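See structure below.
The values are calculated or read from the model by the stated rules, or taken from the named source; none is laboratory data. From a predicted model like this one, the values you see are computed outputs, not experimental measurements. As a convention, Cβ positions derive from the backbone with ideal geometry for all residues, glycine included, and neighbour counts pool all protein chains shown. These accessible areas exclude ligands, DNA and RNA; they are computed on the full protein's heavy atoms, side chains included. Shrake-Rupley method; radii C 1.70, N 1.55, O 1.52, S 1.80 Å.
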Amino acid sequence: MRLIVMLLFLLSAGLSVAQHASLKGNVTNEGTNETIPFASIILQDTDFGTSTDLDGAYVFYDVPAGVYNVEVSYVGFKKKVVYEVEISTSRTAFLNIPLAEATVELEGAQIEASQTANRDQAPLSVRRIGVNEVKRNPGGNRDISRAIRSLPGVASTTSFRNDIIVRGGAPNENRFYIDGIEIPNINHFSTQGSSGGPVGLINVDLIQTVDFYSAAFPANSYNALSSVMEIQFREGRSDRYALNAVVGSSDVGLTVDGPTGKKSSIIASARRSYLQYLFQALELPFLPTYNDFQFKWRYQPNDRNIITVLGLGAIDEFQLNLSLADSTSDSYESNRYLLDLLAVTTQWNYMTGVKWDHFNKPGRLSVILSRNMLNNRAYKYPDNDETQPKTFDYLSREAENKVRINQTFYPGNGWKASCGVTYEYAAYSNRTDQQVYSYALDSLIDFSLSSSLNTHFYGAFAQISKTMLNERLTLNAGIRADGSSYSASMSNPLDQLSPRVSASWQILPQLSWNTSAGVYYQRPAYTILGYRVDGELVNQSNNLKYIQCSQAATGVRYETGKTNTTFSLEGFYKQYNHYPLSIDRQISLANLGADFGVIGNEAVSSTSQGRAYGVEFLIQQRLWKGLYAILSYTYVRSEFSNGTVTSPSSWDSRNLISVTGGKKFKKNWEVGFRFLYSGGLPYTPYDEQASLAIPTWKNNPGGVLNYTELNTLRLKPNHQLDVRVDKKWFWKKLAIDLYLDIQNIYNQTTTLQPDFDVVRDAAGNPVEDPNNPGYYQVNYLSTSAGTVLPSIGLILEW
């Protein structure tokens with residue numbers, strides 16, 4: 001810390017302080033990509049204003065460095081506000097702004113655009129998040145998965161994972177896109193067959209905006225039941241190369257962007273964690289290491305064509321800190337338990353894709369080609385002794401090759417339409433050797449699997465919207481159909497017909513009523529599709545089906561355009577059908593996915609049903625006079641049935657509260673906070689008799705759950721307060737942001753489900769129960785989550 005302070009002092013003494021910066025960009029028609037001359041641009045709450053020239057370009061000079069809301073308007077187009085654009089002295093900021101045409105074209109008329117994104121498709125259940133909101137989020141560690149916890153309907157968890165749990169749905173019900181190209185997951189150390197992980201994969205320094213849908217998903221998005229996240233990467237600079245270096249709480253990163261020619265640019269980054277050194281110093285039993293690389297290259301040969309190339313990759317390693325096996329610390333029992341339980345894991349994955357946008361006479365044609373791949377390797381030795389045969393040996397690969405063609409039409413007079421087709425070729429392989437506990441047989445069985453699967457997925461979609469009555473009423477309807485060559489029960493697209501409708505009625509200039517309904521489908525995970533026994537695809541024979549979710553949502557929104565304040569109230573209902581049910585455990589797989597490992601590598605039937613319902617309330621104050629805030633409350637219920645018993649799902653948190661706010665002060669100081677409250681999640685007790693059998697414990701340490709009492713117990717509520725303080729310095733060619741982030745500042749501790757261990761002797765070996773030969777003695781270890789976690793970060797821009 002002293003070194004950082006000394007460095008800042010020397011920099012401030014040796015460099016002349018500069019406070020004035022510049023902002024440049026273009027204003028275009030979003031439907032035709034044609035530039036808009038003479039559009040008006042102002043920086044809200046300032047005296048700065050300008051207009052575009054004949055080529056649609058604008059520029060601001062000598063603007064004090066800081067964060068501004070940029071407001072753009074032009075006759076015949078909807079006025080648009082881009083919130084929290086950061087302008088720095090170290091480099092010129094670039095912001096290109098597309099405007100949507102309005103149906104009212106009276107002289108001098110201006111139509112207010114919604115403060116949310118894509119209102120014609122999802123009038124209420126979509127939130128737009130700016131990059132600055134992600135960067136400054138207290139406790140968020142510059143991670144989009146953590147930043148969205150401030151939004152209604154999104155649950156926070158007591159663990160250190162980034163599972164995205166939206167409106168009572170499982171973590172695997174979410175889909176992610178970058179510039180229209182799908183990516184399978186946005187976290188490191190992901191759970192195969194689900195999603196989530198402890199650390200975000202996307203570098204926030206590449207992000208421009210994020211549109212987060214919790215319902216009313218666009219028809220060109222598929223395979224989602226709970227949310228769709230559309231991430232827009234920013235373009236590389238066109239004037240010169242710029243560099244950004246970040247030393248965060250868990251990693252170091254470098255981002256570079258600049259021109260690669262007169263009509264092309266690139267932005268790229270690389271990050272590496274140093275968590276393994278921190279965890280080793282803290283004497284934790286596991287040592288995670290992650291690396292990621294990502295880039296965007298954009299080439300625009302003319303106004304009618306844009307080519308975008310994306311790349312994203314990660315290498316994750318999860319080793320055990322075996323030096324703790326002989327430790328005598330107070331955490332010895334807990335560390336020994338985790339060392340016996342956890343497997344050594346190595347994952348790598350990548351996504352690469354190319355997108356061609358062609359602005360033709362009716363609108364825009366988009367052609368997207370992409371490929372993604374996951375390699376997941378895990379193994380475990382008994383007592384971590386590598387001289388013995390492995391008790392668990394797993395290697396799996398997933399590869400997808402995708403094509404999507406989308407034509408968007410802008411016929412005018414309030415109409416907008418799109419249609420297209422999708423195709424995927426997927427290859428999956430799995431080799432597993434282990435002993436597992438069979439609930440049906442009440443004993444250990446040898447489980448050996450060698451499987452491969454090649455299959456095709458195909459679909460078509462169409463969507464149309466109409467704005468009428470002087471922009472007061474917007475109607476939207478869409479439909480898509482999907483199928484797969486996997487089996488006869490999944491091959492007919494008409495069996496997965498997915499209609500959706502939405503409407504928005506502007507009751508008053510600031511008050512609107514919004515509603516949506518739809519039927520959505522998601523295919524089961526590859527671990528389920530590719531499960532084989534004796535060469536036979538077991539779940540194909542079990543008549544496996546697409547998972548179906550019928551949804552409805554309705555609510556009201558009140559917006560005060562002058563102060564950038566929004567109030568909303570929304571209710572939702574989700575009905576699940578054909579969810580995979582574990583035949584052995586007789587539980588819905590919707591209850592799994594909140595830990596590390598593999599989900600779905602077993603025989604299932606498409607017979608589980610469930611539902612989730614609730615209400616959300618939001619007050620959001622966008623940046624106004626230096627203030628910003630979000631207050632959200634969600635009441636949600638989530639439950640699933642195995643056909644006989646209905647139980648709360650593992651995501652049934654009931655009450656969710658989030659309060660986030662902050663203030664920008666003079667001299668570039670900023671203070672923010674975030675309070676999160678989540679009702680206690682249900683959990684399942686252990687089956688002591690089955691767990692303590694000596695053969696079972698030796699091959700499956702950690703306890704066998706008693707699924708006949710699924711989620712009959714519940715944790716206590718979890719809450720914490722995070723704070724963050726930023727101080728920025730601006731010089732002519734350098735900008736520095738030094739921040740202090742403190743998670744859980746009042747040291748709230750939440751008791752978790754106890755770990756199931758056995759009594760051990762002084763050497764750490766399990767002790768047989770003298771009163772019950774053939775069994776060990778139980779030793780429950782109390783576990784908790786929550787500690788004060790301060791971190792200091794340094795961001796350099798030049």
Here are the criteria: (1) out of contact with any His (no Cβ under 7 Å at 6 or more places or on another chain); (2) surrounded by 20 or more Cβ atoms within 10 Å (Cβ to Cβ). Tell me which single one residue 199 does not satisfy. (1)
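Name the single residue, out of those in segment 143-169 being of a type outside the set (Val, Ile, Thr) and under 11 Å from the mean Cα position of the chain (by Cα), that is surrounded by the fewest Cβ atoms within 10 Å (Cβ to Cβ).
146
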Taking segment 42-67, which residues are assigned to a loop (DSSP other than H, G, I, E, B), aliphatic (A, V, I, L, M) and under 30 Å from residue 727 (Cβ atoms)? 65
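Rundown of residues vs (1) open to solvent by 60 Å² or more (accessible area, probe 1.4 Å); (2) out of contact with any helix residue (DSSP H, G or I) (no Cβ under 8 Å at 6 or more places or on another chain), yes/no style:
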position: 504; (1), (2): no, yes
position: 511; (1), (2): no, yes
position: 517; (1), (2): no, yes
position: 520; (1), (2): no, yes
position: 528; (1), (2): no, no
position: 536; (1), (2): yes, yes
position: 544; (1), (2): no, no
Here's a check for you: in segment 260-316, which residue that is among the basic types (Lys, Arg) and more than 28 Å from residue 363 (Cβ to Cβ) is nearest to the chain's Cα centre (by Cα)? 271
Out of all the residues in segment 485-502, which are over 27 Å from the mean Cα position of the chain (by Cα), open to solvent by 60 Å² or more (accessible area, probe 1.4 Å) and over 16 Å from residue 422 (Cα atoms)? 488, 495
Tabulated pairs, segment 137-150, first free of Cβ contacts under 8 Å to residues at least 40 places away in the same chain, second open to solvent by less than 10 Å² (accessible area, probe 1.4 Å) and outside any loop (DSSP other than H, G, I, E, B), C-beta under 6 angstrom, 6+ apart or interchain: 147/134
Can you name every residue in segment 258-291 that is of a type in the set (Asp, Glu) and more than 17 Å from residue 789 (Cα to Cα)? none
Residue that is modelled with the highest pLDDT [pool: residues in segment 285-296 that are open to solvent by less than 80 Å² (accessible area, probe 1.4 Å) and among the hydrophobic types (A, V, I, L, M, F, W, C)]: 295
For segment 271-283, check the following and say yes or no: at least one residue is modelled with pLDDT of 95 or more and among the polar types (S, T, N, Q). no
Among the residues of segment 411-427, what is the count of those that are under 27 Å from residue 463 (Cα atoms), modelled with pLDDT of 90 or more and open to solvent by less than 40 Å² (accessible area, probe 1.4 Å)? 6
Note on segment 38-56: residues more than 34 Å from the chain's Cα centre (by Cα) and open to solvent by less than 30 Å² (accessible area, probe 1.4 Å) are 39, 52, 56
Selection count, segment 600-642, where residues are among the β-branched types (Val, Ile, Thr), open to solvent by 20 Å² or more (accessible area, probe 1.4 Å) and farther than 25 Å from residue 557 by Cα: 1
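Counting only residues that are under 22 Å from the mean Cα position of the chain (by Cα) and not polar (S, T, N, Q), which one in segment 643-656 is most open to solvent (accessible area, probe 1.4 Å)?
654
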With open to solvent by less than 20 Å² (accessible area, probe 1.4 Å), within 33 Å of the chain's Cα centre (by Cα) and over 30 Å from residue 392 (Cα atoms) as the only criterion, which of 430, 476 stands out? 476
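Does residue 172 satisfy being more than 12 Å from the chain's Cα centre (by Cα), under 23 Å from residue 591 (Cβ atoms) and open to solvent by 10 Å² or more (accessible area, probe 1.4 Å)?
It is false that residue 172 is more than 12 Å from the chain's Cα centre (by Cα), under 23 Å from residue 591 (Cβ atoms) and open to solvent by 10 Å² or more (accessible area, probe 1.4 Å).
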Criterion first (among the hydrophobic types (A, V, I, L, M, F, W, C) and at pLDDT 95 or above) does residue 789 satisfy it? no
Checking the condition without any contact (Cβ under 8 Å) to a residue 24 or more places away in the chain and not hydrophobic (A, V, I, L, M, F, W, C), which residue from 706, 700 passes? 706
Taking residue 260, is it buried (at least 20 other Cβ atoms within 10 Å of the Cβ), part of a strand (DSSP E or B) and either at pLDDT below 95 or of a type in the set (S, T, N, Q) (or both)? no
May I ask you to say which residue of 114, 145, 125, 159 is closer than 25 Å to residue 368 by Cβ, among the hydroxyl-bearing types (Ser, Thr, Tyr) and modelled with pLDDT under 85? 125
Within segment 224-244, which residues are of a type in the set (S, T, N, Q), out of contact with any helix residue (DSSP H, G or I) (no Cβ under 9 Å at 6 or more places or on another chain) and closer than 18 Å to residue 180 by Cα? 232
Is one or more of the residues making up segment 6-21 open to solvent by less than 50 Å² (accessible area, probe 1.4 Å) and either among the basic types (Lys, Arg) or modelled with pLDDT of 90 or more (or both)? no
Subset of segment 325-363 (residues that are open to solvent by 40 Å² or more (accessible area, probe 1.4 Å), within 26 Å of residue 425 (Cα to Cα) and touching a Ser or Thr at 6+ places or on another chain (Cβ under 9 Å)): 352, 354, 356, 358
Considering only residues that are in contact with a Lys or Arg (Cβ under 7 Å, 6 or more places away or on another chain) and open to solvent by 50 Å² or more (accessible area, probe 1.4 Å), which ones fall in segment 372-394? 379, 390
Scan segment 272-284 and tell me whether some residue there is in a strand (DSSP E or B) and buried (at least 17 other Cβ atoms within 10 Å of the Cβ). yes
Need pairs with beta-carbon distance below 6 Å; first residue β-branched (Val, Ile, Thr) and within segment 523-535, second part of a helix (DSSP H, G or I) and buried (at least 23 other Cβ atoms within 10 Å of the Cβ); sequence gap 6+ or separate chains. 528/539
I want to confirm something. Restricting to segment 217-235 and keeping residues that are open to solvent by 10 Å² or more (accessible area, probe 1.4 Å) and of a type outside the set (Ser, Thr, Tyr), which single residue is nearest to residue 460 (Cα to Cα)? 220
If you check 83, 61, 74, which single one turns out to be farther than 29 Å from residue 359 by Cα and open to solvent by 30 Å² or more (accessible area, probe 1.4 Å)? 61
Please tell me if residue 408 is of a type in the set (S, T, N, Q), at pLDDT 90 or above, within 25 Å of the chain's Cα centre (by Cα) and more than 24 Å from residue 191 (Cβ to Cβ). no
